[in-house]
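The next block holds one structure in the form of structure tokens; read it before the comments.
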Amino acid sequence: MAHPFLRTIFEVVITLYMLHNLYKVLGDDEMDLEEMSSFFNKRVNEYEEHMMNNVGGANQYYIETAKLIPRGKEINILDLGCGTGLELDEIFKINNTVRVTGIDLAENMLRKIKEKHKDKLDRLTLIVGDYFSCDIGEKVFDAALSVETLHHFNHEQKIKLYKKIVRSLKDNGVYIEADYMAPNQDYEDHCFNENKRIRLELGIKDGFYHYDTPCTVENQIKMLYKSGFKSVEKVFKAENTVILLAKK
């Protein structure tokens, strides 16, 4: 067993590392729990600039995500937590004939997509809601993706969603997840414990609140396999963001 002093030092290091990453995501805002849709609706005007200038690797992983979308005409994709569509900007550069179903809690974010892609409104189906409860059908999509959105949820929630994604994909369809992932198990555990502690202190039981609870790459891969994907591989990493490619 580690000496108590060493355990204390380790806990301090983990906490400082976590706070550093939270500040990168939240900017100068307080780190109190805030309801998810409210958090992003209020930040729509500065969201894209913040992501591109403050989140490490953003100038790369949006491009790399777009490259993984299957090529061809009339490709049908599902974008979970699509936000203002930074990944869609890159996808449309490669293939402007794709059809997109985008789901996001923040209506203001979806409005931003419509403003940017007025010429593609006939190819955009944008849904205000949470992707855990939305009906996404069966064998509908050639590809599904999520970019910097799932690091707010626990294992059970993710597995439930991944199973829905598997059902929604056509045979041989792909799922692309580009997300903030924990560097090790201790860091993941610390994030989840802190989230639980804050929720208990504030009396919050359910609901979607903005707090980072990233999982390790190893845990992410296990969850995807457990949900029914036949193959999963790590295809890209930039700072704390990793891209996983899962195939049905």
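Structure notes:
- Going through (1) part of a helix (DSSP H, G or I); (2) at pLDDT 95 or above; (3) in contact with a Phe, Trp or Tyr (Cβ under 9 Å, 6 or more places away or on another chain) one by one, HIS151 falls short only on (2).
- Checking each residue in the stretch 224-248 for being under 22 Å from TYR131 (Cα atoms) and under 15 Å from the mean Cα position of the chain (by Cα) picks out LEU224, THR241, VAL242, ILE243, LEU244, LEU245, ALA246.
- Leading residue by the ranking (surrounded by the most Cβ atoms within 10 Å (Cβ to Cβ)) among those in the stretch 223-248 that are of a type in the set (D, E, K, R), on the phi < 0 side of the Ramachandran plot and outside any helix (DSSP H, G or I): LYS248
- Members of the stretch 217-248 found to be of a type outside the set (A, V, I, L, M, F, W, C) and within 13 Å of ALA178 (Cα to Cα), listed by number: GLN220, GLU233, LYS234, LYS237, GLU239, ASN240, THR241
- Single residue of the stretch 43-63 satisfying the filter (under 12 Å from GLU87 (Cβ atoms) and touching a Ser or Thr at 6+ places or on another chain (Cβ under 8 Å)) that is surrounded by the fewest Cβ atoms within 10 Å (Cβ to Cβ): GLU48
- Unique residue being crowded, with 17+ Cβ neighbours inside 10 Å and more than 20 Å from LEU161 (Cα to Cα) when the list is ILE103, ILE75: ILE75
- Selection within the stretch 154-167 - closer than 21 Å to GLY85 by Cβ and out of contact with any strand residue (DSSP E or B) (no Cβ under 7 Å at 6 or more places or on another chain): LEU161
- Set LYS170, LYS205: member being in contact with a strand residue (DSSP E or B) (Cβ under 8 Å, 6 or more places away or on another chain) and basic (Lys, Arg): LYS170
- Residue under evaluation LEU126, criteria (1) touching a residue at least 12 places away in the same chain (Cβ under 8 Å); (2) more than 22 Å from ALA246 (Cα to Cα); (3) out of contact with any Ser or Thr (no Cβ under 9 Å at 6 or more places or on another chain), criterion not met: (3)
- Qualifying residue in the stretch 175-182 (condition: modelled with pLDDT of 95 or more and either part of a loop (DSSP other than H, G, I, E, B) or more than 16 Å from the chain's Cα centre (by Cα) (or both)): yes
- Every residue from the stretch 198-222 that is surrounded by fewer than 18 Cβ atoms within 10 Å (Cβ to Cβ), in contact (Cβ under 8 Å) with a residue 60 or more places away in the chain and hydrophobic (A, V, I, L, M, F, W, C): ILE198, LEU202, ILE204, PHE208
The values are calculated or read from the model by the stated rules, or taken from the named source; none is laboratory data. From a predicted model like this one, the values you see are computed outputs, not experimental measurements. Cβ atoms come from the backbone with ideal geometry, glycine included; neighbour counts cover every protein chain shown.
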